[in-house]
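Some notes on the structure that comes next.
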Ligand SMILES: [Zn+2]
């Protein structure tokens, strides 16, 4: 079965207030299971669990925004 764009639920872009369910860092990946249950991951933890997640749950929708990591420094990075 091929996943098409129409099959992927719409979701808002991840915000700075969305935090990794594992460590509390800023989330850059949202994984949506059936019934709109979702998990949020930072880049580190998604990378660590990606192969197990996609092997066990091949039809989850994954919103991967890791390309945004370090594109724009956080406010705290510029704090004195
Ligand atoms: Zn994490």
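Rule-based calculations on the coordinates, nothing more; no lab input. The shown structure was predicted, so the numbers you read here are calculated from the model rather than taken from an experiment. Ideal geometry is used to build each Cβ from the backbone, glycine not excepted, and the neighbour counts take in all protein chains shown.
Whenever a residue of segment 34-63 is closer than 14 Å to residue 20 by Cα, its partners that are in a helix (DSSP H, G or I) and away from the ligand (no atom under 11 Å from the Cβ), lying with C-beta atoms within less than 7 angstrom and at least six residues away or across chains, give the pairs 43/66. Selection over segment 24-59 of residues that are farther than 15 Å from residue 12 by Cα and away from the ligand (no atom under 13 Å from the Cβ) gives a count of 12.
Just the residues that are in contact with a strand residue (DSSP E or B) (Cβ under 8 Å, 6 or more places away or on another chain) and surrounded by fewer than 16 Cβ atoms within 10 Å (Cβ to Cβ), please, taken from segment 19-37.
Going residue by residue through segment 19-37, those that are in contact with a strand residue (DSSP E or B) (Cβ under 8 Å, 6 or more places away or on another chain) are 19-22, 25-33.
Answer for segment 19-37, where residues must be in contact with a strand residue (DSSP E or B) (Cβ under 8 Å, 6 or more places away or on another chain) and surrounded by fewer than 16 Cβ atoms within 10 Å (Cβ to Cβ): 21, 25, 33.
Looking across segment 40-59, the residues that are closer than 12 Å to residue 24 by Cα and outside any helix (DSSP H, G or I) come down to 40, 41, 42.
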